[in-house]
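Right, one structure below, let's go through it.
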Amino acid sequence: MNNNDVYLGTADGFVLCYQDVLEAFVTPQPTPQHRYMSTKKAVTQIKIAPILERILCVYDATFVALNLNNLEVINSLRIKNIYSFCLNENPMLLEDPFTLELCLVKKKSVCIYHLQADKLTLVKEVTVPEQPILVAMDGYFVCMAAENNYYMLDWQSGECQQLISNDSTSSMSPVCKHVARNEFLINGLSHLGVFVNTSGISERPPIDWGMDVKRIAYSYPFILCLKQYSITIIR
């Protein structure tokens, strides 16, 4: 979302923009503004960077940015072999308010980039023990969900700490969410949500959020869990 606009990535390669859909007194446009991403592959991740007027997304193992106003692709902001990404919620090295810090997931490595409106600059690439599926970032730390385990990576030093196992045989999708300064929320065994800080320690009791959690959204003190056939709100 951006203001009253809602942006969606589809399974067949489109980015859609429904303008003013959240404005109570405006009838949403019947046909959304859209951009076809040149291949019928799913847009697997999408985030809005309003300060740069950019839409950031991953499709067909490619990271790409679009202009927020007209959905034109910014060719200088395209990187192949990227499987996931996140924004740094607490950047440590930035003085320019119009620069964002990103973590991009490659094959068995994560890359830290600085993003400007038309430029991506590689800061560091770090090899990791397993292929990450999802990442979340706070300062010098990246919390990673891999196929078999969760990890906490200090990308400045390269130190990687194993947190807990990820039950890859369960119906749960990996959950890896930045929720507060120096704190993340991941899914553990037995259908529990586990808070973990950047030291790899859990200082809060786990949350029993049940089976089949696919995605979560967090806004203190609420956790919204998207499940296969329902939505659960936990406080």
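The values are calculated or read from the model by the stated rules, or taken from the named source; none is laboratory data. Computed from a predicted model, the values in this text were never measured in an experiment. With ideal geometry, Cβ positions are generated from the backbone for all residues, glycine too; neighbour counts draw on all protein chains shown.
Structural remarks
- Within the range 187-235, the set of residues being closer than 29 Å to Ser157 by Cβ, assigned to a loop (DSSP other than H, G, I, E, B) and not aliphatic (A, V, I, L, M) comprises Gly188, Thr198, Ser199, Gly200, Ser202, Glu203, Arg204, Pro206.
- Candidates Val21, Val15, Val26, Val64, filtered to the one that is at pLDDT below 95 and in contact with a Lys or Arg (Cβ under 7 Å, 6 or more places away or on another chain): Val15
- The range 86-130, residues that are touching a residue at least 40 places away in the same chain (Cβ under 8 Å), among the polar types (S, T, N, Q) and surrounded by fewer than 17 Cβ atoms within 10 Å (Cβ to Cβ): Asn90, Gln116
- The requirement of being surrounded by fewer than 17 Cβ atoms within 10 Å (Cβ to Cβ), within 18 Å of the chain's Cα centre (by Cα), in a strand (DSSP E or B) and among the β-branched types (Val, Ile, Thr) is satisfied by Thr44.
- Any hit, the range 75-87, residues being modelled with pLDDT of 85 or more and more than 26 Å from Val142 (Cβ to Cβ): yes
- Screening the range 82-176 for strands (runs of 3 or more DSSP E) wholly inside it with 2 or more residues that are closer than 26 Å to Ala49 by Cα and among the β-branched types (Val, Ile, Thr) returns the ranges 109-116, 119-127, 132-138.
- If the condition is being surrounded by 20 or more Cβ atoms within 10 Å (Cβ to Cβ) and either out of contact with any Lys or Arg (no Cβ under 9 Å at 6 or more places or on another chain) or among the hydroxyl-bearing types (Ser, Thr, Tyr) (or both), then the range 180-192 contributes Asn187, Gly188.
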